[in-house]
Structures are given as C-alpha cells and as structure tokens.
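Shown next, in structure tokens, is the structure this report addresses.
The values are calculated or read from the model by the stated rules, or taken from the named source; none is laboratory data. Here the structure is a predicted model, which means the values were calculated and not measured. When we count neighbours, we look across all protein chains shown, and the Cβ atoms used for this are built from the backbone with ideal geometry, even at glycine. The area values use the complete protein model at the heavy-atom level, side chains included, leaving out ligands, DNA and RNA. Shrake-Rupley method; radii C 1.70, N 1.55, O 1.52, S 1.80 Å.
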Amino acid sequence: MTAFFNGHIPPFAQPGGEPVHIRVILTYKATVQSVSPAGAVIDFSVDSADIGLLQKDPGHNGKVNPDAVIPFPLPLDEIQKTLNVTAVIRADGSIASLKTGTTTPVRIQLGFDIRRICLLMMPLIFPNKPLNANDTWAFDDGVLGKRLGDVTYGGTLVSATAAGGSERYQFAETALAKIDSKVDKDGNPTTSAVAAEGSLSGTAKLAGSVRFMSPAPADATTAGFMALGHFDLTVLLKRTRDKPDPLDPGAPLVSTIDIAARLNVQDLPPSSN
C-alpha cells in the first residue's frame, strides 16, 4: 500500500502553519489462520515500512524525487505493534473483530481507527443477492468504522468481464463519516465525562475503486483476490480544547485538522513478498 497524506496533521503540522506532506509505503502479508461459519481469521502483518516527509504534494501521478524525501525514523517493530492486525472477516466481507498488539485503537486525532487502513484490501460488504453491472447498494461498516446513523457507505458494481478463464470485477465505493465526539487530552474520542478535555467535529469522506479477480482454473488456489485499489480520503475537522494544552500553553484552543490523502493498494505475487 502506498499512501500520500497532505495537510495539517497532528502532531506533524501546527495549526495555522505550513501543511505537511507524508508518504507511507507498507507491505502487508495476509495469512489465513482458520475458516469457520463465523468467518475467516486472518493475520495482516507489516513486512516492511517506509515513511518519509516530502517537500510538496507529488500530485496524482505519485512520482517522487528520491532526493526530496526526508526519512521519518520510526522503528519497524513500533509500526508492527500498531498496525499488525488479526481480523475476523465474515463471508460477505464485513469485519467481525479487530485485534492488535496494543489495546488502544490508534486514531491520531482523526476520529476513526487507522488500524482499518490495512483492510482496504477488504473494503466492501457485499449484499446477499446476485449483482449486475451498475447495481448499487448501501452498507454500514468499512474503513471509517461503524457508528449507526453517522457513517454511510455505498457500493457499485461497475463492470464484470471474463477472459482466459479468469473473471474481473470492478467496484466503486463511497463513504461519509460525520464526526462529533468528546476527546481526551491526547485528542482521542472518549465517552468519559472525566477524561473529556474538548471536542472533535467535522467530516471524513472516502471515494475510490477496487478490482477483484478470480484466478484462471490452472492457478486456482483461492476463490478470488483483490488485485488493485485506489481511494481518495478527505478529512476536515475542528478540534476544540476546554483548557490550554499543558505541553504547548500558547497553542490556540480551536484548531483545524485538514487532510487530503490518496491510497493505492496492489496485490503482490508470492515471489514479491
């Protein structure tokens, strides 16, 4: 997965200051541990990670001058502790549970759990009915999480084609999350009145496409796999503090978090892992 994040992203950019530009390249390995009527237990582990700060947004072509990348020294084991996920995936693609090496969901003041980023390879919940090209449907869980009435998702089967014994399905997905929650001193959402030290409100929007493939009969070891995915994520939030930040007393009590992100996901053959 290659992702570009641009904007005022805590703690990398200060409110009112220059926006930050970040490139993240993650290689995930997915291992099926077990399969039952309740779902498939799958380990998603980070095999490699490359995080760097950029001088500017590289644009939609994603081309980056290597000399313009400032490495961000974050140990691989720290990234794995945060982003390695054991997920139970139901047959329709929905997420039954998520578990990582840390008990605290990582939210980075964005209002949703970034552990779900790895599940971009499982971004759709399919309806229990046959689909035809241009069919659309709604579902209630995905990358931005599940909060009844606050997050809406939509899927569309764009096309279905067959060639050489293989089938290809192109899907489009949209999502909108309305965020309005109390936050603790670290900016993480909380329902505790004692821990609350401010609020976070705004929206997160996701739009993109994903391609699923069924292997040719001679290569069939699975029913299908995600081959390619591209998603655009836009986050616009207002962070309000009830009292000054003890680590930065001069910081404004009201600040804006604005993020424009592009995420590309590609399946790698076993020889590439």
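With all protein chains present and a 1.4 Å probe, how do Glu197, Glu167, Glu173 order by accessible area, largest first? Kindly include the intermediate steps, with their values, before the conclusion.
On the way: Glu197 45, Glu167 80, Glu173 5 Å².
The ranking, largest first, comes out as Glu167, Glu197, Glu173.
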Would you mind calculating the gained length between Ala196 and Asp92 on full extension (0.36 nm times residue separation, minus the Cα-Cα distance), in nm to one decimal?
-> 33.8 nm
Using a cut-off of 14 Å between beta-carbons, work out the net charge of the residues near Lys129 (Lys and Arg +1, Asp and Glu -1, Lys129 not included).
-> -2
So who's got an amide H within less than 5 Å of the one on Thr190, skipping anything under 5 residues away but keeping other chains? H placed 1.01 Å off N, in plane.
-> Lys182, Val183, Asp184
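Once you list every other residue whose beta carbon is under 9 Å from the beta carbon of Asp232, what net charge do they have if Lys and Arg are +1 and Asp and Glu are -1? Present the calculation step by step, with values, prior to reporting the outcome.
On the way: positive: Lys205, Arg262; negative: none.
Net local charge, Asp232 excluded: +2.
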For region 1-101, with every protein chain kept in place, what is the accessible area per residue (1.4 Å probe, Å²)?
-> 56
Please work out the C-alpha center-to-center distance from region 8-86 to region 129-161 and express it in whole Å.
-> 25
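Find the all-direction average of the projected area of the Cα convex hull for region 140-184, expressing the result in square nanometres with one decimal place. Working shown, then result.
Details: hull surface 17.7 nm².
Orientation-averaged projected area of the Cα hull: 4.4 nm².
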Charge sum, other residues only, whose C-beta stays under 9 Å from Met213's C-beta, Lys/Arg counted +1 and Asp/Glu -1 = 0
Heavy-atom accessible area of Val41, protein chains in place, probe 1.4 angstrom, given in Å² to nearest 10, is 40
Going toward the positive end of the dipole of region 26-68, with +1 on Lys and Arg Cβ and -1 on Asp and Glu Cβ, which of Ala30, Asn61, Ser45 do you reach last?
-> Asn61
Residue by residue through region 253-263, which ³J(HN,Hα) values in whole Hz follow from phi under the Karplus form 6.51 cos²θ - 1.76 cosθ + 1.60 (θ = phi - 60°), with glycine and proline marked x?
-> 6, 10, 9, 10, 10, 10, 9, 10, 10, 10, 10
One finds, for Ile51 and Phe126 with R0 = 25 angstrom and r their Cβ-Cβ distance, a FRET efficiency to the nearest 0.05 of 0.15
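Could you calculate the FRET efficiency of Leu74 with Ser159 from 1/(1 + (r/R0)^6), where r is the beta carbon distance between them and R0 is 45 Å, rounded to 0.05?
Details: r = 39 Å, r/R0 = 0.87.
Taking R0 as 45 Å, the efficiency between Leu74 and Ser159 is 0.70.
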